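Take a look at the structure set out below.
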Amino acid sequence: YQTPAPFPQGFLWGASTSAYQVEGGWNEEGKGPSVIDRASFPPELSDFTVTSDHYHHFAGDIALFAEMGLKTYRFSIAWSRLFPTGEGELNFQGVAFYRRLIDEIRRHGIEPLVTLYHFDLPWALQQQGGWSNPRTVDAFERFARTAFELYGGQVKYWLTINEQNMMILKGDVIGTLPPGTANPQKTLYQQNHHMMLAQARAMIACHEMLPEAKIGPAPNISCVYPASSRPEDVIAANNFSSIRNWLYLDLACFGRYNAVAWSFMREKGYLPQITEEEMALLQRGRPDFIAFNYYASTTVADGQDRGAVGQERREVEDQQLPGIDKSVYIGADNPNLEHNEFGWYIDPVGFRVTCREIYERYRLPLIITENGLGAFDRLAQDNKIHDDYRIRYLSAHIRQLQLAITDGVELFGYCPWSAIDLVSTHQGISKRYGFIYVNRDEHDLKDLARYPKKSFYWYQRVINTNGERL
Ligand code: BG6
């Protein structure tokens, strides 16, 4: 394009966090434990008890977000703060915390974007079978309805479940699949079905209770390349897209299982138990928009022929292709891309491809709810963080978003991960993503002081110029 389209007026420039990774206060003021609080992590890494202590620093943090110019802030509600056992009695101190948080966000003119559930299933529900138990679906609907009732007056944008696809594909990492489960894949696809029902019920409830509000799913979507132009590799890439990406969005947006994913589950003996009423429910629960997280693209090869791709990088890729079924697809190297310190490919053009693919398939407005670079940031002598690598990553991705908009994609917001440093899912606090540095190490909490990074001032300018000056 000679002149790429500008970002739309009112574009929601934002940033994201999740409750268990940023709040701390894991057992304060009546909060019940979640699966995360009961999981074990390598002893050299931080656990999730204090994290960035946002629970006690939120007012200062929100003031910094406002200074950065955020138009929206995406955060999640810890389910077990509202309902310590996931169901039963409401914890009024938890209710009050999120009321204070939302008031503070709105007082600064920032639009709250609320994820209902970001990996932290209440432990009491997990002990009764978690997502394998249909009762969890009832509990989720009640939790969602309670959140709509409590905060619906202040919150217009809602997200149902963060990265449901990653929870299914990496069930053992997030902690919703009990260790030693017999037939883990079949269990996970049944859990997936239950989560889909939970999501549909939350979307229906939201539309019923809050006609002005908007709600959508938030999976992790990545474009999938074939390792070569061999037709067998193209089939493998197609398989992987259907199973990794479209299964989840097709259920959310069309209320049906896609043919390839269905055949895959049938062939492997993973088919969930499903009733006609449930399929009717999935048809009724529809999102208003699609939110998605994007970090990297993926490349796959035909699983029958392991000789076709480089051996070395495949090991790394295989780890990134969770739930991998080596007969259907295998991870492959992509010699065209660089990767970050953690082996994740960096692929801004793949971001544009992903936006186009999702928009063409579903024709719903899109918002990016995560995108970012994890790195070992260093606090310099002058208390500055020179994270030029993060600026490079984000600016390249924003540029591609602009091209996607020019292509015709309807995009209404961008929320990089993360607004402030927080503890990564399984690589500690040292893998930092934030615009704001939190002064602590894995085990030494130091003073938890906040230092805006170089990327903070850069993003401030991006927002100020509505994406013109990257
Ligand atoms: C997404 C999650 O998978 O990626 C976040 O929604 C997570 O919770 C983010 O932190 C980055 O991944 P990681 O493993 O580096 O923390």
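The values are calculated or read from the model by the stated rules, or taken from the named source; none is laboratory data. This one's a predicted model, so the numbers in the text were calculated from it and none came from an experiment. With ideal geometry, Cβ positions are generated from the backbone for all residues, glycine too; neighbour counts draw on all protein chains shown.
Quick check on this structure: which one of ILE368, ILE391, ILE398 is touching a Pro at 6+ places or on another chain (Cβ under 9 Å) and away from the ligand (no atom under 16 Å from the Cβ)?
Values: ILE368 fails: away from the ligand (no atom under 16 Å from the Cβ); ILE391 fails: touching a Pro at 6+ places or on another chain (Cβ under 9 Å).
Exactly one of ILE368, ILE391, ILE398 is touching a Pro at 6+ places or on another chain (Cβ under 9 Å) and away from the ligand (no atom under 16 Å from the Cβ), namely ILE398.
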Residue within the stretch 419-438 that is touching a residue at least 40 places away in the same chain (Cβ under 8 Å), more than 21 Å from the chain's Cα centre (by Cα), within 16 Å of the ligand (Cβ to nearest atom) and over 28 Å from GLN9 (Cβ atoms) present: yes
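Could you pull out the residue among ILE429, ILE398 that is touching a strand residue (DSSP E or B) at 6+ places or on another chain (Cβ under 8 Å), surrounded by 20 or more Cβ atoms within 10 Å (Cβ to Cβ) and not in a loop (DSSP other than H, G, I, E, B)?
Working: ILE429 fails: not in a loop (DSSP other than H, G, I, E, B).
Answer to the check: ILE398.
Within the stretch 72-102, can you find the residues that are assigned to a loop (DSSP other than H, G, I, E, B) and either out of contact with any Gly (no Cβ under 7 Å at 6 or more places or on another chain) or surrounded by fewer than 19 Cβ atoms within 10 Å (Cβ to Cβ) (or both)? Steps first, answer last, please.
Within the stretch 72-102, the first condition is being assigned to a loop (DSSP other than H, G, I, E, B), and the residues that meet it are 77-78, 83-91.
Hits for the stretch 72-102 are ILE77, ALA78, PHE83, THR85, GLY86, GLU87, GLY88, GLU89, LEU90.
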Those residues of the stretch 380-392 which are modelled with pLDDT of 95 or more, touching a strand residue (DSSP E or B) at 6+ places or on another chain (Cβ under 8 Å) and surrounded by fewer than 21 Cβ atoms within 10 Å (Cβ to Cβ), in sequence order: LYS384, TYR389
Residue, nearest to LEU12 (Cα to Cα), within the stretch 450-463, restricted to residues that are in contact with a strand residue (DSSP E or B) (Cβ under 8 Å, 6 or more places away or on another chain) and either among the hydrophobic types (A, V, I, L, M, F, W, C) or within 16 Å of the ligand (Cβ to nearest atom) (or both): ILE463
Test: residue in the stretch 376-388 that is within 30 Å of LEU448 (Cα to Cα), assigned to a helix (DSSP H, G or I) and out of contact with any Asp or Glu (no Cβ under 9 Å at 6 or more places or on another chain): yes
Cβ-Cβ under 6 Å pairs, at least 6 apart or on other chains, the stretch 148-168 side more than 16 Å from TYR117 (Cα to Cα), far side at pLDDT below 95 and of a type outside the set (S, T, N, Q): none
Any pair with Cβ under 7 angstrom, 6 or more apart, that starts in the stretch 103-132 at a residue that is under 17 Å from ALA147 (Cβ atoms) and assigned to a helix (DSSP H, G or I) and ends at one that is within 16 Å of the ligand (Cβ to nearest atom) and at pLDDT 95 or above: ILE105/TYR73
